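The values are calculated or read from the model by the stated rules, or taken from the named source; none is laboratory data. Everything numeric here is computed off the predicted structure, so don't read it as measured data. All Cβ positions, glycine included, derive from the backbone under ideal geometry; neighbour counts span all protein chains shown.
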Amino acid sequence: MRDDEQSIDSDRRGLVKKILAGTVAGAALAPGSPAATPDVAAAAQAAGSPPARERVDAVSVAREARGEFAPPPEMPPLTADRAGADFMTDAIKKLDLPYLAANPASSLRGLQESLINYGGNRNPTWLTCTHEAVSVGVALGYARASGRPMAAAMKSAVGVQNAAIAIYNAFADRVPMVLLSSTHFDGATRGAHVDWQHSAQDNNAIVRDFTKWDDSPGSLQHFSESLMRGYQVALTPPMGPILLSLDSDLQEAPIRNASELSIPNVTQVRYPVAPTDAIREVAAALVAAEFPVIAPDRYARTDSALPQLVELAELLGAAVIDLGGRFNFPTHHPLNQTYSRVAAITQADYVLSLEPIDIWGLLYEQNDQLVKSTRALVRPDARLVSIGVDWPMRPNYQEFMRYVGDAVRIDADAEATLPLLIEEVRRRIKPADRRRFDARRAKLLQAFSARLAQDRELAAVGWDSSPITTARLCMELWGVLKDVDWTFSSMNYGVLKWPQRLWPFSKPHQSSASPGAGGLGDGVARAIGCALHHGRFGRIVVNIQPDGDFLYTPAALWTAAHHRIPMLTVVHNNRSYHQEIMHLQRVACRLNRSPEHASIGCAISDPDIDYAKLAQSMGVWAEGPISDPAQLAASLRRALGVVQAGQPALIDVLTEPR
Amino acid sequence: MRQLTMRLQRLALRHLIAGLLAAAAVALAHAQNGSQQTATAPERGRQIYVSVGCYLCHGHFGQGGAGRKLAPAPLPYPAFAQYVRHPTGDMPPYTTRILSDADLGDIHAFLTAIPSGKPAQDIPLLNSIAFPPGGAPAARQSGQAIFLQNCAACHQAAGGGVPGTAPPLAGSTLVNGDAMRLAKLVLDGGFRNPAMPRFEAILKPDQAAAVLSYIRTSWGNRSGAVTSDDIRARTGR
């Protein structure tokens, strides 16, 4: 023990002895009580040392008699019946938002308290998240699954910074959500240190490049109008996240002008339909085309979209390439040529793109060699027409993709336009056209069947090997899910889209996946949002979760466990940021250097992460790592049982890289 | 202009000859390597396959992934080597400075040694994947199966080909032209692309007839079928 520590210890021992001997006046009183001060202790001793409680009472009576406890006449009120946040709660409830996901924040305390106590924690129900990116990811998953926005809230500055990548994903996905942040507008009412550090004079600017609209209301009336306006903006195509920054003082101050406040109605949004002449032109071209290709991307807004597109494609016997911005077309429909894309697009003389994201990527191919070369896939005489509402809303982030100059664009909502287009096509088809379409249908059936047969054979290769092939993983999953109502929340790029290639996705709800901006870290959060919606219908939400993405926000699992959100997470565990290894391999080979060290900086091993234990630590049922393919089905069945009982479950599977 | 055209033609011919010579040299190296192969060549090949990162795209057993399926039944060595050295798609090039001919030969030996697993129809989960009505008529399955096993890796299941590597078969004038000329080219070789193997030793006459018929009647091709008698008459077998 050091000298100074011995000295402190010696003093402490002496003090304890004195207390036990009753020589320290007021030792039995709570620290800081008035009786513990030296003058009161002396008075008590002079009075003959009565018991401590009696001494205190006597002193208190004396002080009260002197009027020391009466509030000063100038003291401001300490309570109120209603605060500004209560009015905000009323306005939020008018939107009927089912959930609000948030990581708690001091500058949000007024609204949080009001939503819980005044609002009864219903519509919205508060979801506890462990990171702001999780909050927004949940909102993204919910909106993709339900078509409706929910809310996410976050602190100003640091909270918005944390949420940024998830907001960018939502923006690039054109997903509506209501984001609420909070800050101290008035520097004079901020506390020291953190209140200043976490305030920004333009908090919304942090994410303005990738939100559709924002505001910082200066009054309660301003808030209610901006909330309704923001909701309408979020739901008007192209949809997107909106953000309101709320003043902390406005939340917490009593309402002073209640009779002057009002909450406007929400404006109903109607979707723009293509003009009649444009519909006629497209219909005529589709009927006359030798080999039309329909390429939907962010097309399906509602459950009506998929059957509509099936109807149009079947009328024409047209090939469909589902580009996956939404789930647009049944995977096992014989006109689905998504996985024979090059063969289909090279034959096309007419391409109808629906809500396109990347037309260039559909029509061109670029190889990634030392000297990049580009090849047009589409015939030079092919006509391209797109129907869509999207436009480059923001210039900084380049998610608007490469420009294609030879396209005719019809500025309208494709889903709203399709019924009219179908009727016009039906009206124009003649018997001779039907014979032509039948021949085309037969040809596309052959191509689809050949592709499916090839994929079945490819999936069989390495079936019993370990690490488990991604095809085996996906087919074992199919084995346990095929008899239940299921839905996917993930795009499954890492497992080569085997589910989409081999499983029959036929119902609109069977995939809520979308590509976003490719920002990592929202896989589990999206699945939670997806399960909040689909769980109400007893659907099993499945998330094939890449390990690298998982590690950004693994604590999202805790939210699933805490709120009892049933969902099945299957970790595609290749112990690496595998795509990056392939990039390093490519660059090394170009430079005639060995790619043997390409895993440095990309491998997630040594030590290997035990995802099952990680999940279990947060209260999630989990098994793994599973490396023997023969054990996979039984484990998945156990996990399914857990999910069917209303809880989240996770299986960690050691797989091939891809 | 005419002189320029002739110069370009000579240049193209020179490149063609150089390419064929290179392919022949690689084939010879492999043949020599093959003659020296010991029982450990496939194992050595497996180790090299992993260390230089082939598995990153093609899987540990050549089953394919981000890259194409390599095994079982890899491309014949000359075609395999040609593509590894001079890939025309997205695959990174592996020159001899990274991978010697001997190493490449051992990798090929490893891939060749990978046994065929169960076909999809013997795996209940895969066999349960249904085709659309009329999608898999029995009469077409034989030719289709041979095509998927031997041809689809390059020409793709839908016959669209791969730019710079394998020409499309859908709508091809050669495929839809004289059947015996097509049969001769497929069986004897003779295509400019050395990556296209000779199939005479791989396909029996009835198999060749089935796959040629499949190619000539699929993906919009509407040319006549080829019979095994046609093949026998041409090959004398």
Selection count, the stretch A:563-576, where residues are under 22 Å from A:Ser466 (Cβ atoms) and either of a type in the set (Val, Ile, Thr) or surrounded by fewer than 24 Cβ atoms within 10 Å (Cβ to Cβ) (or both): 5
Sole residue being in contact with a Pro (Cβ under 6 Å, 6 or more places away or on another chain) and at pLDDT 95 or above, chosen from A:Leu421, A:Leu354, A:Leu384: A:Leu354
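If you go through the stretch A:408-428 one residue at a time, do you hit one that is within 14 Å of chain B (Cβ to nearest Cβ) and within 35 Å of the chain's Cα centre (by Cα)? Step through it out loud before you land on a result.
Of the residues in the stretch A:408-428, the ones within 14 Å of chain B (Cβ to nearest Cβ) are none.
No, the stretch A:408-428 contains no residue that is within 14 Å of chain B (Cβ to nearest Cβ) and within 35 Å of the chain's Cα centre (by Cα).
Can B:Ile123 be described as under 30 Å from B:Ser51 (Cβ atoms), among the hydrophobic types (A, V, I, L, M, F, W, C) and within 8 Å of chain A (Cβ to nearest Cβ)?
Details: under 30 Å from B:Ser51 (Cβ atoms): no; among the hydrophobic types (A, V, I, L, M, F, W, C): yes; within 8 Å of chain A (Cβ to nearest Cβ): yes.
Considered against the rule, which asks whether it is under 30 Å from B:Ser51 (Cβ atoms), among the hydrophobic types (A, V, I, L, M, F, W, C) and within 8 Å of chain A (Cβ to nearest Cβ), B:Ile123 comes out as no.
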Exclusive hit being more than 13 Å from chain B (Cβ to nearest Cβ), out of contact with any Leu (no Cβ under 7 Å at 6 or more places or on another chain), under 28 Å from A:Ala172 (Cβ atoms) and of a type in the set (D, E, K, R), set A:Arg501, A:Arg536: A:Arg536
Residue count, the stretch A:242-277 (criterion: of a type in the set (Gly, Ala, Ser) and surrounded by 20 or more Cβ atoms within 10 Å (Cβ to Cβ)): 3
Test: residue in the stretch A:508-521 that is part of a strand (DSSP E or B), within 22 Å of the chain's Cα centre (by Cα) and at pLDDT 95 or above: yes
Whichever residue in the stretch A:368-392 is farther than 30 Å from A:Gly240 by Cβ and of a type in the set (Gly, Ala, Ser) and, among such residues, is surrounded by the most Cβ atoms within 10 Å (Cβ to Cβ): A:Ala382
Among residues of the stretch A:477-487, those that are surrounded by fewer than 24 Cβ atoms within 10 Å (Cβ to Cβ) and either part of a strand (DSSP E or B) or touching a helix residue (DSSP H, G or I) at 6+ places or on another chain (Cβ under 6 Å) (or both), counted: 2
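When the stretch B:36-68 is examined, which residues are found to be charged (D, E, K, R) and either under 24 Å from A:Gln369 (Cα atoms) or within 9 Å of another protein chain (Cβ to nearest Cβ) (or both)?
Initial filter on the stretch B:36-68 (charged (D, E, K, R)): B:43-44, B:46, B:68.
B:Arg68, the sole residue that qualifies.
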Of the criteria (1) at negative phi; (2) within 12 Å of chain A (Cβ to nearest Cβ), which one B:Ala113 fails: (2)
Qualifying residue in the stretch A:322-341 (condition: aromatic (Phe, Trp, Tyr) and closer than 20 Å to A:Arg440 by Cβ): yes
Output for the stretch B:195-224, where each listed residue is of a type outside the set (D, E, K, R), under 15 Å from B:Ala170 (Cβ atoms) and part of a loop (DSSP other than H, G, I, E, B): B:Ser218, B:Trp219, B:Gly220, B:Asn221, B:Ser223
From the options B:Leu182, B:Leu126, residue that is under 23 Å from A:Cys474 (Cβ atoms) and not in a loop (DSSP other than H, G, I, E, B): B:Leu126
Failed condition for B:Arg44, given (1) over 30 Å from A:Trp498 (Cα atoms); (2) modelled with pLDDT under 90: (2)
Subset of the stretch B:69-93 (residues that are within 9 Å of chain A (Cβ to nearest Cβ) and either part of a helix (DSSP H, G or I) or surrounded by fewer than 20 Cβ atoms within 10 Å (Cβ to Cβ) (or both)): B:Pro72, B:Pro87, B:Thr88, B:Gly89, B:Asp90, B:Pro93
Residue in the stretch A:622-631 that is closer than 20 Å to B:His58 by Cβ and among the hydrophobic types (A, V, I, L, M, F, W, C) present: no
Subset tally (residues that are on the phi > 0 side of the Ramachandran plot and under 12 Å from the mean Cα position of the chain (by Cα)) for the stretch B:190-214: 0
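Which fully enclosed helices (runs of 4 or more DSSP H) of the stretch A:542-653 have 1 or more residues being more than 14 Å from every other protein chain (Cβ to nearest Cβ), in contact with a helix residue (DSSP H, G or I) (Cβ under 7 Å, 6 or more places away or on another chain) and more than 27 Å from A:Trp503 (Cβ to Cβ)? Steps first, please.
On the way: elements: A:547-550, A:556-562, A:578-590, A:611-617, A:629-644.
Once the helices (runs of 4 or more DSSP H) in the stretch A:542-653 are filtered for at least 1 residues that are more than 14 Å from every other protein chain (Cβ to nearest Cβ), in contact with a helix residue (DSSP H, G or I) (Cβ under 7 Å, 6 or more places away or on another chain) and more than 27 Å from A:Trp503 (Cβ to Cβ), what remains is A:556-562.
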Condition check for A:Ser465: among the polar types (S, T, N, Q), surrounded by fewer than 21 Cβ atoms within 10 Å (Cβ to Cβ), over 34 Å from the mean Cα position of the chain (by Cα) and within 14 Å of chain B (Cβ to nearest Cβ): yes
Single residue of A:Gln398, A:Gln366 found to be polar (S, T, N, Q) and either at positive phi or away from chain B (no Cβ under 14 Å) (or both): A:Gln398
Test: residue in the stretch B:98-117 that is among the polar types (S, T, N, Q), within 30 Å of A:Arg440 (Cβ to Cβ) and in a helix (DSSP H, G or I): no
Search result, residues across the stretch A:160-185 that are hydroxyl-bearing (Ser, Thr, Tyr) and without any contact (Cβ under 8 Å) to a residue 60 or more places away in the chain: none
Failed criterion for B:Arg97 (all others in (1) at the interface with chain A (Cβ under 8 Å from one of its Cβ atoms); (2) basic (Lys, Arg); (3) in contact with a helix residue (DSSP H, G or I) (Cβ under 8 Å, 6 or more places away or on another chain) hold): (3)
